[in-house]
Structures are given as C-alpha cells and as structure tokens.
Ligand SMILES: Cc1cc2nc3c(=O)[nH]c(=O)nc-3n(C[C@H](O)[C@H](O)[C@H](O)COP(=O)(O)OP(=O)(O)OC[C@H]3O[C@@H](n4cnc5c(N)ncnc54)[C@H](O)[C@@H]3O)c2cc1C
C-alpha cells in the first residue's frame, strides 16, 4: 500500500525546502512528503495522486503566492483531497484572512511563519492533525483487517466498534476486493464465519461479538478492584469529564461504557460551539483527547459492557452487567445520555447496517463517494451530518417534516447548507418506507402537505430524529419522569415525590432519589443537551460525590 502524502506548497524555494526537510525528518517513515512551488503545480500533483488513488493526509500551503493564494489553492484542492487536513502558512498581517478561511474553506489550522523551533511551533500542530486524519482514515494506516460483506449489519457493527474505540482497521469488501477473497480462502472461512477480524500476531476472529473483539484487542472488559470510590456508568462527555475530575482528585474511579467512549458527541462530525476550539473539532477527536486525559489520571475504563441492573447494598452502590459480572462502589454517577430514536417506517428495521444508519461515522461518510445520500432530521445533528456527507457524496437530500428548519437548526448550519451546491432540503416530507434486496435500494417519500407519494432510488439513509434515555436498569428507587429522564436535587422534592427521599438533609443538586447516586448530562431531566453542559455536569457531579462521601 502506498504511503499517505503530506503536500507542501510555497513559491519561496528556500522556505519550501526547509519545511519539506523538517516534515521529512519527523514524518518521512510513515508519509511521502511532496513539494510544489505554486498553486497550479500543487493542484496538478493532487490530480496525479488522485489518479493513483494515493491518499493525501495534509496540505500545508503558503498564503502569499503569485499565481494563486494559499486559500484559493486549498479551496480548489477539496475536489481531489476532500478528507485532507489543511494548514495555511501565513505572515502576521494575514491573520484575518486565515481566520476567515476557517469558516469559508474549512481550514484546519494556520501557522505563523517562521515556525522555528519546529519541535515547539510546527510538530505539535501537525502531530494533532495527522492523528485526527489517521483516525478518520483507518484503511490507510492499520494492521487490523476486517473482511466481510459491504451490506452486512455484523460488518457494520464491528467496524463501528473499532472506529469508535479508535482502533484503526483496514476494510476488505469480499465482493469487491481480491485481497478480501484471498484472506477468506486462507482462513478457510465459510459464509457463517464472516465478518473475519484479523489481528496482527493474534488469532483470526470469526464473526466475533463486541466483547470478544474487545478482549482480543487487549481492551479491558472487567474491573480490577473489588470496590471503588466512584463508578461512572457511560463514557460520553459527562462520564469522561466526571472520570477526569474524580481520578485527578484521588478517588479510585471506574468508567463503564457499553459501546465506545465519546457517546453521542463521538458521532459528531464537527462540534463548533465547544469553548476553546475556534475551528471546532470532530467528536472523535474530542473523545480521543478525553480518553487520554482520563487514562493519564489513572481512571479505569471497562469497555463493551452493558450495565443492566442497579442495587443499593447498604452503603455500597452496585451495577450489574449484561451476562455476568458487576462493580461495587461507594458512589455512582449515571451518565448514560440518550440513544437514537428509531424511525417508524416500513422496512427500515431490516435494513439497519445495510444502507440505513443511525448517526454517521467517518468510514461510512467516505464510502458515499459520488453517491446520492438521504439524511432524515431537522436538528443540528442532521445539519452537521448533511454538510459532512456533502464533502463526499454526489448529492445529499435532507428530508425534513416541517415547512422550515429555522426553528430546529442553528442559523450557521442553515447558511452553510443553503450555500452548498450539492445539498437539497426536501421540506414537508417524510420517509414512509425503505426497501431493497439485502441492502437499501429504494425509499418511499411522502409529501405531508399533499399526501403525494414518490419512490426514489437510494443506497444510503442516515437518521437523526432525536433521542431518548434508556434508564429502566435503574429500577424503581431512582425516580424518573415518564420519558425516563432522571430527576435530581430540587426536582425530587419539588415534583411532589419528596416521599422518595429518606434523609433529613436535602439531596445535592445532581443527586438522584437514592443518596450517593448522581446523574449528569443528557440523561438528567431538564439538562441542556450540549457537550459543554454535559462536561460541566460531569465535573460538578464529582464535587458533590466528595460532599456525599464526607457524610458516610
Ligand atoms: C450527531 C450529533 C451531533 C452533535 N453535535 C453537537 C454539537 O455540535 N455541540 C454540542 O454542544 N452538542 C452536540 N450534540 C449533543 C451532545 O453530543 C450531547 O449533548 C452530549 O454527548 C451528551 O453527553 P452525555 O455524556 O450526557 O451522554 P452521551 O453522549 O449520550 O453518552 C452516554 C454514553 O453512555 C453509554 N451508555 C448508555 N447506557 C449505558 C449502559 N446501560 N451501560 C454502559 N454504557 C451505557 C453510551 O454508550 C454513551 O457512550 C450532538 C449530538 C449528536 C448525536
């Protein structure tokens, strides 16, 4: 497989040679460093690379060049390298241009020249961007190989598990890749063994469960200690923030996550309203950073385990896993967020993972190259997904029930959707049915105003129609509203459910009706349903855990 490319573009021969030298010294083992000395030369090089199917990971272009500015060049580069990271090299005087380019062309970073010493001013930025690119493009960087059918829901499930747990993998479609067929033959795998997962120096896994795969990859799937100070259920932004604060403040901490750390935020293509990231950052990038932070402080992470039950055993709070296993702790933070609501339309359930998806990850987005894609929903998550998919797809149709999306989507997303030439919003429409032989082939769309029905060919449908909490496992003692959101603090007393609270002291702000059990983030009644508020509540829950522990 050819190495991914880092392309540098600068008309000044001296500067061009210097940056290429610096980049080659640090990244030469994993990447080919290609140099161009003008915008047109760079675009010609990109076209050649696209023909050879050689991936481009990063383009670093000087802003001030005679024939074409760096921003103009990068804007045109999207056609050949849609997933590459873009860096602009600027003089101080061009800072405004660079900041505008973040919005206008999706610039990832700008670097002020000169970048000496590179160890401080160049490499940390490039390391971060390449990390992010590698996560989004595992096919080009990994040794774990997955062999299966493109439209198999099991293949989809395992690819999602690997991607969301930040394990790079290479995907082989058994119908399209000769290498996939060769690997299947070598493994002598009958159809029932697919998908295969080949782990370097490990065994060949045959249609493994997420738990088996996690075990084979060396991810922790059970707790080490008999008792923790705090157990956090859910590894989304709220749970990860709680983990960082708890572990950094010396509490023995375990986080249990059933799918992958990052939660809903991990599925977001671009979080643009989280403080401190002016360009925004992808959910998977945020999750990766948070996991590193949690691990650095020594919190334990138990993965691929679904918490199915809760018991208060005197002062001990216990959570029970699906199958076997449990964790005991002196306090519990419930940070289980919300899960996607299912689309009630004929045929949809049978095609999930076979062209129909709840949410979208980077690997699906890039597989839509040139295709027609349907997105259902009218909130920010649907808008973000439409914009992300439009980078790859030929056309994206956003299906919205209402006559406008202004009431449900932020204006900055609407403005971008309106400006995108390949996104169409289909108002007053809903998906009535989905059908296909083994994978999605057709959608039936209904005009909710006129009742007119239209059948359209479609191989991709991404659904974003809201979400609800799944909190049945908490049992009757932890009070919830009729939708399943957990009541905390003053809401317990104020809701007329004071009878559920047994202590003479009032419950702490994020404490549930069971003392020592806290709720943080989207799962909590009346929470704000944003990354920043989930992170804030996760952090605050630990302050309250300390106060609770001081009472027992
Ligand atoms: C596509 C998309 C885009 C978004 N974009 C933005 C944005 O740009 N800006 C913004 O501020 N917000 C955004 N949001 C909202 C934001 O992601 C959520 O508000 C935030 O993730 C909530 O965090 P949380 O930790 O409370 O819950 P979640 O993120 O839902 O995490 C809960 C975690 O708990 C795990 N879990 C659940 N039940 C169990 C169980 N029984 N056992 C073990 N684990 C369990 C889940 O697998 C999940 O990982 C977006 C949401 C989506 C879906």
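Nothing in this text is a laboratory measurement; each read-out follows from the coordinates by a stated rule. Everything numeric here is computed off the predicted structure, so don't read it as measured data. FYI the Cβ positions are ideal-geometry reconstructions off the backbone, even for glycines, and counts take in every protein chain you see.
Points to keep in mind about this one:
- Diffusion constant of the chain at 20 °C, which comes from Stokes-Einstein with the Kirkwood Cα-pair radius and 1.002 mPa s, µm²/s: 85 µm²/s
- P(r) tail for the range 495-552: Cα pairs beyond 13 Å make up 61% of the total.
- Here the Debye sum runs over all C-alpha atoms of the range 335-408 as equal scatterers in vacuum, and log10 of I(q)/I(0) at q = 0.11, 0.12, 0.19 Å⁻¹ comes out as -0.30, -0.36, -0.89.
- Rg/Rh (Cα only; Kirkwood hydrodynamic radius) as it applies to the range 286-384: 1.07
- Label point at residue 316 placed 7 Å out along Cα→Cβ; residues across the range 228-262 whose backbone nitrogen lies under 13 Å: 228-229
- Fraction of alpha-carbon pairs over 23 Å apart in the range 228-344 - percent: 32 percent
- Our Cα-only numbers for the range 70-142 put the radius of gyration and Dmax at 13.1, 41 Å.
- A protection proxy built from the mean count of other Cβ atoms within 10 Å ranks the segments 313-325, 88-100, 278-290, most packed first, as 278-290, 88-100, 313-325.
- The range 98-221, Rg to Rh (Cα coordinates; Rh as Kirkwood inverse mean 1/r): 1.14
- If you wrap the range 79-119 in the convex hull of its Cα atoms and look at it from every side, the mean projected area works out to 3.5 nm².
- Projecting label points 7 angstrom from Cα along Cα→Cβ for residue 112 and residue 64 puts them 1.5 nm apart.
- Cα-based Rg and Dmax for the range 404-552, where Dmax is the largest Cα-Cα distance (Å): 22.3, 64
- A Förster distance of 35 Å, applied to the separation of the beta-carbon atoms of residue 41 and residue 426, puts the FRET efficiency at 0.25.
- Descending by average beta-carbon neighbour count within 10 Å, the peptides 516-523, 76-83, 460-467, 407-414 line up as 516-523, 460-467, 76-83, 407-414, the highest first.
- Convex hull volume of the Cα atoms of the range 179-226, normalised per residue: 81 Å³.
- Ellipticity estimate at 222 nm from DSSP helix runs (n ≥ 4, -39,500 (n - 2.57)) divided over the chain, nearest 500: -9000 deg cm²/dmol
- Per residue, the convex hull volume that the Cα atoms of the range 374-447 enclose (Å³): 86 Å³
- Across all Cα atoms of the range 1-143, the radius of gyration (one decimal) and Dmax (whole number) stand at 13.9, 44 Å.
- P(r) weight above 19 Å for the range 142-287, C-alpha pairs, percent: 60 percent
- Rounded FRET efficiency, nearest 0.05, which uses the C-beta distance separating residue 406 from residue 456 and R0 of 30 Å: 0.75
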